[in-house]
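Undergrad: Here you go, one structure.
The values are calculated or read from the model by the stated rules, or taken from the named source; none is laboratory data. Keep in mind that this is a model prediction, so the values were computed, not measured. Positions of Cβ are generated from backbone atoms using ideal geometry, with glycine treated the same way; all protein chains shown enter the neighbour counts. For accessibility, only protein heavy atoms count, side chains too; no ligands or nucleic acids. Shrake-Rupley method; radii C 1.70, N 1.55, O 1.52, S 1.80 Å.
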Amino acid sequence: MLADLPVAVGITMARNRSALVSPAAAAAFAACCGLPHAAAQSGSATLPPVTVTSRAESALAIGGWGDTPLARLPLPASVYDEAALKTYDIQRLSDLTRLDPAVNDAYNAVGYWDTITLRGFVIDNRFNYRRDGLPINAETSVPLDNKQRIEVLKGVTGMQAGTSAPGGIVNFVVKRPTEDALRSGFLQWQTQGSVRAAADLSQRFGEDRAFGLRANAAYESLRPDINDADGHRWLAALAGDWRLAPGTLLEAEFESSQRSQASVPAFSLLGDRLPTSADPGLNLNRQPWSQPVVFGANTGSLRFSQAINEQWRWSAQAATQRLTTDDRMAFPFGCGSEGNYDRFCSDGSFDVYDFRSDNEQRRTDTAELALHAAFATGSVGHALSLGVLGTRFEANFERQAFNWVGSDSIDHPVTLPADPTPSFDTTNRSERSTEYFIRDALRLSDSLGLWLALRHTQISRRSVSTSGLEATDYSQSINSPWLAATWQLDPAQMLYASWGRGAESDVVPNRAAYVNAGQALPALMSEQFEIGWKGASGGATWSLAAFDITRPVYADAGSCFDPDTCTRQADGDARHTGIEAGAALRAGPWRLGGGLQWLKARRSGSQDPNVNGQRPVNVPALTFKAQLRYAVPQVPALEIGADVAAEGDRTMFPYDSAQRLPGFAIVGLNGQWAQRAGASTLTWRAGIDNLFDKQGWKESPTQFGHVYLFQIAGRSLRASVQLDW
């Protein structure tokens, strides 16, 4: 029965067999579409199974509802386990844009950190990411080699995060020691000669196997199909646990990683025209003095859980993250000769700036204490959690270089002089937050459930320029409520409705141009309504959700060039209304999964009438992703598959929806075969991305008032072998 489920979520129901058909419907489409391994046949090798550890894999770690199965949660989420990540070659977070219609690109450059949108909102790399449920800063390259799965929770997330952008939260779940011994090695080759090697080892030992260790190591030589963008990365990670007594578990883990690679900048409009596709290998960061971006990270955590009795337990966990970044680029920006600073020149030339920001230091420390209980009051059952989360975040920088050094051209490269003089101040930031939360899932009857949650957040934030000027200091308190109701139509179908609020906090820059410089602004309270249906029947599973999100917007009013000419103030709303639908079907050796998101995103109430009624920049109205897999009956343990990712057009300017990037569709192929070799198993995988070598532009984000264009990556091939013994 488990083999019938999508790989991405099949693992989640191992402890609740009565609901085996429901998890795919509980996750949004991407979870539905991670299709299964080949079924075992008598006497034949099988593909390596998903390893279910002793921890509560049936629960959505970021959901906040304990061991409640994902199928029973009134939450839309995608869950990608390790098998799905390898099947679809997910090497970085932005690769999920190939699978999930709710996940889209939002300035994803080769060699830089990932930025994505969820439900059309760009999620904040500082506040919308978690690691084993605790906050982390994602302004870095996050390695996936030691991650058991990725969870993508969609929608306003005020009950999980004190402050965060609407759209959703991403949670990385770390690999922990397995119950059975694990020995796995992995080697991959990609087009142009990129090579990745990794090892994953786990062992239990000691009296009653009380101790467990798991080690992960990886090294990759990076050679993308882009000129002057070679690099390398490595990871070393160790996780351990100690079963001190029945119901008592102590866990610790640590990872260290580094990535060094030249970042690849985007293109832009050429005057008023959209350029035809450029050479996919062209890199505009090509000056002889260009240096790589270097991300260094050390992250570790400690977790203790204790069962008090059959109904009550408590847990404590703490984590720390240290990030060091050297951010450098020959940065193409604007066209001074034509007086346009939001695009390139009409003849294909562009201004170049020597940008260098060395020794950026970011630190996040967090700790959570929580109490969990399952009990009944009369005929009403409760799944109660309450606790407190404290977080300290600091970001310290040195003065930066952002110096104009001349003009270059797309078609006629020019060597320009370097100017690394650190001439500009930046802003050092610090934050302290304390979040008190309570959640209760009430079982009113066998079919009716009520879900209540409240998070109270106290924030204290400070900032100051690197020269010691422009200091700000403010505090706020925010309440983020959430409630939902579920109706179980039958064991395999559920309806739900939910309402919730989320918060963002902002302060006016302390600069002379602002009349209200340095003032804390009222918290931006986003609001979401959602209704959904999750179900399964026979070999089919489905999910359907309709949502409506309203997010207040702050903007600058005035010329903002001279002192006291600018006011940061409320500027209407951004409203995103949409439908997410996903389905998966099993029919004999065939597995088909797919999903789509339709999104109507508009601005309203802005002081600029040209913005009202317009679609936000870089947000497609329609996205569709699907995967097809076939277990070849004539060749045991062989699977072949195809996938398609299609996205509608995107706007490029907030005041003009007429100028758009055309939509596109990308097709890929993949396959895997498990070969038994004595007591070991070799799993061979191969794939082709962008099979038909589609060319064009995949996204059009705006940063610093400049329109950027990122190309669709050209056709690429990969092949790998995994040895499990």
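Undergrad: What number of residues within the range 700-715 satisfy the criterion of being surrounded by 19 or more Cβ atoms within 10 Å (Cβ to Cβ) and under 19 Å from GLY281 (Cβ atoms)?
TA: 4
Undergrad: A follow-up question, please. Cβ-Cβ distance below 8 Å, separation of 6 or more or different chains: which pairs start in the range 620-632 with a residue that is touching a residue at least 60 places away in the same chain (Cβ under 8 Å) and more than 26 Å from LYS600 (Cβ to Cβ) and end on one that is buried (at least 24 other Cβ atoms within 10 Å of the Cβ) and among the hydroxyl-bearing types (Ser, Thr, Tyr)?
TA: GLN627/TYR88
Residues are listed down the side, and each one gets a yes or a no for (1) open to solvent by 10 Å² or more (accessible area, probe 1.4 Å); (2) in a loop (DSSP other than H, G, I, E, B); (3) modelled with pLDDT of 95 or more:
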{"residue": "GLY64", "(1), (2), (3)": "yes, yes, no"}
{"residue": "ASP67", "(1), (2), (3)": "yes, yes, no"}
{"residue": "ALA71", "(1), (2), (3)": "no, no, no"}
{"residue": "SER78", "(1), (2), (3)": "no, no, no"}
{"residue": "ALA83", "(1), (2), (3)": "yes, no, no"}
{"residue": "TYR107", "(1), (2), (3)": "yes, yes, no"}
{"residue": "TYR112", "(1), (2), (3)": "yes, yes, yes"}
{"residue": "THR117", "(1), (2), (3)": "no, no, yes"}
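Undergrad: Moving to a separate point now. Please list, ordered by residue number, the strands (runs of 3 or more DSSP E) wholly in the range 346-418 having 2 or more residues that are at pLDDT 95 or above, closer than 14 Å to PRO332 by Cα and open to solvent by 50 Å² or more (accessible area, probe 1.4 Å).
TA: On the way: elements: 349-377, 380-396, 401-409.
Here the list reads 401-409.
Undergrad: A further question follows. Filter the range 322-345 for residues that are open to solvent by 10 Å² or more (accessible area, probe 1.4 Å) and in a strand (DSSP E or B) and give the result. Show your work before the answer.
TA: Pass one, the range 322-345, residues open to solvent by 10 Å² or more (accessible area, probe 1.4 Å): 322, 324, 326-329, 331, 333, 336-343.
Across the range 322-345, the qualifying residues are ARG322, THR324, ASP326, ASP327, ARG328, MET329, PHE331, ASN340.
Undergrad: Name the residues in the range 583-598 that are touching a Lys or Arg at 6+ places or on another chain (Cβ under 9 Å) and either closer than 22 Å to GLN493 by Cβ or open to solvent by less than 10 Å² (accessible area, probe 1.4 Å) (or both), would you?
TA: Correct list: ALA584, LEU585, ARG591, LEU592, GLY593, GLY594, GLY595, LEU596, GLN597.
Undergrad: Still on this structure, please answer the following. Filtering the range 200-214 down to residues that are open to solvent by 40 Å² or more (accessible area, probe 1.4 Å) and part of a strand (DSSP E or B), which residue is nearest to GLY300 (Cα to Cα)? Quick ask: steps written out before the conclusion?
TA: Within the range 200-214, the subset open to solvent by 40 Å² or more (accessible area, probe 1.4 Å) is 201, 203, 205-209, 211, 213.
Right, trim to part of a strand (DSSP E or B) and you get 201, 203, 205, 211, 213.
Values: LEU201: 19, GLN203: 20, PHE205: 23, PHE211: 19, LEU213: 15 Å.
Of everything passing the filter in the range 200-214, LEU213 is nearest to GLY300 (Cα to Cα).
Undergrad: Could you go through the range 434-445 and let me know if any residue there is open to solvent by 30 Å² or more (accessible area, probe 1.4 Å), within 27 Å of the chain's Cα centre (by Cα) and closer than 18 Å to PHE529 by Cβ.
TA: no
Quick grid of which residues meet (1) of a type in the set (Val, Ile, Thr); (2) in contact (Cβ under 8 Å) with a residue 40 or more places away in the chain; (3) under 19 Å from GLN597 (Cα atoms):
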| site | (1), (2), (3) |
| --- | --- |
| ARG501 | no, yes, no |
| VAL508 | yes, yes, no |
| GLU527 | no, yes, no |
| ILE531 | yes, no, yes |
| GLY539 | no, yes, no |
| GLY572 | no, yes, no |
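Undergrad: Here's something else I'd like to know. Return the residues of the range 551-589 that are over 30 Å from ARG119 (Cα atoms) and of a type outside the set (D, E, K, R); say none if nothing qualifies.
TA: First, pick out the residues of the range 551-589 that are over 30 Å from ARG119 (Cα atoms): 558-566, 587-589.
Within the range 551-589, GLY558, SER559, CYS560, PHE561, PRO563, THR565, CYS566, ALA587, GLY588, PRO589 meet the criteria.
Undergrad: If a residue must be charged (D, E, K, R), under 29 Å from VAL294 (Cα atoms) and open to solvent by 50 Å² or more (accessible area, probe 1.4 Å), how many such residues does the range 242-259 contain?
TA: Residues of the range 242-259 that are charged (D, E, K, R), as a first pass: 243, 251, 253, 255, 259.
Imposing the further condition that a residue be under 29 Å from VAL294 (Cα atoms) reduces the set to 253, 255, 259.
Those left that are additionally open to solvent by 50 Å² or more (accessible area, probe 1.4 Å): none.
The total comes to 0.
Undergrad: Mind listing just one residue for me: the one in the range 446-482 that is of a type outside the set (Gly, Ala, Ser) and in a loop (DSSP other than H, G, I, E, B) and, of those, least open to solvent (accessible area, probe 1.4 Å)?
TA: Initially, the range 446-482 is screened for residues of a type outside the set (Gly, Ala, Ser), giving 446, 448, 450-452, 454-459, 461-462, 464, 466, 469-470, 472-474, 476, 478-479, 481-482.
Next, only the ones that are in a loop (DSSP other than H, G, I, E, B) stay: 446, 466, 469-470.
Values: ASP446: 154, THR466: 41, LEU469: 110, GLU470: 76 Å².
If we take residues in the range 446-482 being of a type outside the set (Gly, Ala, Ser) and in a loop (DSSP other than H, G, I, E, B), then THR466 is least open to solvent (accessible area, probe 1.4 Å).
For every residue, the table says whether it meets (1) open to solvent by less than 10 Å² (accessible area, probe 1.4 Å); (2) of a type in the set (S, T, N, Q).
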| site | (1), (2) |
| --- | --- |
| PRO224 | no, no |
| GLY240 | no, no |
| LEU274 | no, no |
| VAL293 | yes, no |
| GLN306 | no, yes |
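Undergrad: Within the range 441-452, identify whether any single residue is among the aromatic types (Phe, Trp, Tyr) and within 23 Å of VAL553 (Cα to Cα), and answer yes or no.
TA: Looking only at the range 441-452, we keep the residues that are among the aromatic types (Phe, Trp, Tyr), and these are 451.
The next check asks that each one be within 23 Å of VAL553 (Cα to Cα); those that pass are none.
Taking every residue of the range 441-452 in turn, none turns out to be among the aromatic types (Phe, Trp, Tyr) and within 23 Å of VAL553 (Cα to Cα).
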